[in-house]
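The values are calculated or read from the model by the stated rules, or taken from the named source; none is laboratory data. If you're wondering where the values come from, they're calculated on a predicted model, not measured in any experiment. Glycine also receives a Cβ, built like all others from the backbone with ideal geometry; neighbour counts cover every protein chain displayed.
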Amino acid sequence: MADGQKTTQYSFQHIASLLKKDGLLIHIGISNKPLRNDWFRRIGYHNSQYYAALPASAPRIFFPLYPKRFRQKCFSFHSPGSRKARLGLKLLEVMSRFGLIALLRQHGVIVAGQEELKDRKDTLCSWLGEVLSQKIENVAIYCGSDLARRKITLLAEAQNQGRVTVLVVKIADTSEGAAAIRQESEALQALEGARLFCEVPRLLLEDTWEGHAVQVQSALPLSTGPQIPELTVNHLKLLAALSRMHRQKILFRETPAWKTIEMAWKANEFEKWPSPSQNLLDNLLSEETGNVQLVCHHIHGDFAPWNIRVKKDKLYVFDWEESIPNGLPFSDAFHFIYRQASLVGPWPGGEVMWELLEKKFSQLAEMAEYPSMYENILPALMILEYLKRPHPHLIELMSVLLSKPNVQTS
């Protein structure tokens, strides 16, 4: 029930009468009204938990208001991409540190039941506790974008013999999401023990619960500095080290990237694309380009500032669900530079972006010790990105690429 509706003790009683004894009553919008808790008690729902829901306009992250220690930890669970959102989150974190949580309560959620939630035996947390031989004490929930490969991600505090550990739990409600969980699990297993100049999570469990794919991994440090928007030397060292994993020579037309583009072309997904993309596509799918041999290797697949934490100049990299062992070279560098400029901003213009990509690609090729043949690879990376997120910035960048003398079109 939403707080905007007229709620009375009678309406609560009516709703509660429709629920079974083990049912939960969820009230959206706490509004700092203590009467709500009294109403729940009067109808037999003595156990209430209060959750913050952020951002208020379209909540994606939910975490308990108590205990304070865990509440403060949750502010670092997810870092928004935009500077404005990060500043707003930081302000709430500082206010919360001093006990000022009225704003968090105002747009929060009450979950009420006739028994303590932590004592229920039919929840994901109770199942995890049994499987991991630990008691799950506190949980924060992050719901990402509504894509087919979506997952719900939990930050969970577990306790065993007085020792508290922090876990990251992912659960999928679609077959595509389950595939993403399997893909990340395979990547984390492959990365275990690798020297990458960074820290990555450890895979602790992959299983199913109530038909849903579940993955548990170790949590990387939450206490971090600001996001680093630039591809630094440390980032390049990491990408160079990653490029030495599963390094292999593959014909362009045999790569997963090529096959994805070819499949989209056969499905006529490119018919209404702007002319710059059509020109690049014609050249890319030519027999000559398809027979070019590339040095492919392991990639992260979603390498971006918001998937990287930095602490004392050390990189902590998570979200490996797009990782594959035979990705195109320069993929991660392109994603980092382009997505930061386009999704977060400011966008510097196509020419400046081209110069930056050339510079960073050359540095990476030297550090990774492989040919800098990005003239053939960059069109594929742009088209793949356009398939996921069509944007005028990509068309501008494609036009700049086509203006270069070393790029041929059919």
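Values as computed for the structure displayed
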{"quantity": "Subset of the range 188-204 (residues that are of a type in the set (A, V, I, L, M) and surrounded by 15 or more Cβ atoms within 10 Å (Cβ to Cβ))", "calculated": "Leu188, Ala190, Leu191, Leu196, Val200, Leu203, Leu204"}
{"quantity": "Test set (1) under 30 Å from Arg69 (Cβ atoms); (2) out of contact with any helix residue (DSSP H, G or I) (no Cβ under 8 Å at 6 or more places or on another chain) - Gln189 fails condition number", "calculated": "(1)"}
{"quantity": "Residue in the range 361-373 that is touching a Gly at 6+ places or on another chain (Cβ under 6 Å) and among the charged types (D, E, K, R) present", "calculated": "no"}
{"quantity": "First in the range 248-263 and without any contact (Cβ under 8 Å) to a residue 40 or more places away in the chain, second anywhere and surrounded by 15 or more Cβ atoms within 10 Å (Cβ to Cβ), Cβ under 6 Å, 6 or more apart", "calculated": "Arg253/Gly290"}
{"quantity": "Residue match in the range 345-356 (condition: closer than 16 Å to Leu239 by Cβ and assigned to a helix (DSSP H, G or I))", "calculated": "yes"}
{"quantity": "Per-region count, the range 45-89, residues under 12 Å from Ala140 (Cβ atoms) and of a type in the set (A, V, I, L, M)", "calculated": "5"}
{"quantity": "Single unsatisfied condition, Gln217 versus (1) at pLDDT below 95; (2) touching a helix residue (DSSP H, G or I) at 6+ places or on another chain (Cβ under 9 Å); (3) polar (S, T, N, Q)", "calculated": "(1)"}
{"quantity": "Some residue of the range 371-381 being touching a helix residue (DSSP H, G or I) at 6+ places or on another chain (Cβ under 6 Å) and over 30 Å from Lys272 (Cβ atoms)", "calculated": "yes"}
{"quantity": "Answer residue from the range 363-400, given it is assigned to a helix (DSSP H, G or I) and touching a strand residue (DSSP E or B) at 6+ places or on another chain (Cβ under 9 Å) and is modelled with the highest pLDDT among those", "calculated": "Ala368"}
{"quantity": "Candidates Glu176, Glu157, filtered to the one that is assigned to a strand (DSSP E or B), touching a residue at least 24 places away in the same chain (Cβ under 8 Å) and acidic (Asp, Glu)", "calculated": "Glu157"}
{"quantity": "Any hit, the range 317-340, residues being in the same structural domain as Ser243 (by TED's automatic domain parsing), surrounded by fewer than 16 Cβ atoms within 10 Å (Cβ to Cβ) and not charged (D, E, K, R)", "calculated": "no"}
{"quantity": "Residues within the range 95-144 that are under 16 Å from Ala53 (Cβ atoms) and of a type in the set (Phe, Trp, Tyr), tallied", "calculated": "1"}
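So that you can scan it fast, the table gives a plain yes or no per residue for (1) crowded, with 20+ Cβ neighbours inside 10 Å; (2) among the aromatic types (Phe, Trp, Tyr); (3) touching a strand residue (DSSP E or B) at 6+ places or on another chain (Cβ under 8 Å):
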{"residue": "Glu206", "(1), (2), (3)": "no, no, yes"}
{"residue": "Ala213", "(1), (2), (3)": "yes, no, yes"}
{"residue": "Ser218", "(1), (2), (3)": "no, no, yes"}
{"residue": "Leu231", "(1), (2), (3)": "yes, no, no"}
{"residue": "Gln248", "(1), (2), (3)": "no, no, yes"}
{"residue": "Ala257", "(1), (2), (3)": "yes, no, yes"}
{"residue": "Lys266", "(1), (2), (3)": "no, no, no"}
{"residue": "Glu269", "(1), (2), (3)": "no, no, no"}
{"residue": "Asn283", "(1), (2), (3)": "no, no, no"}
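So that you can scan it fast, the table gives a plain yes or no per residue for (1) assigned by TED's automatic domain parsing to the domain that holds Gln134; (2) under 26 Å from Val344 (Cα atoms); (3) not acidic (Asp, Glu):
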| residue | (1), (2), (3) |
| --- | --- |
| Thr165 | yes, no, yes |
| Ile171 | yes, no, yes |
| Glu186 | yes, no, no |
| Glu192 | yes, no, no |
| Asn268 | no, no, yes |
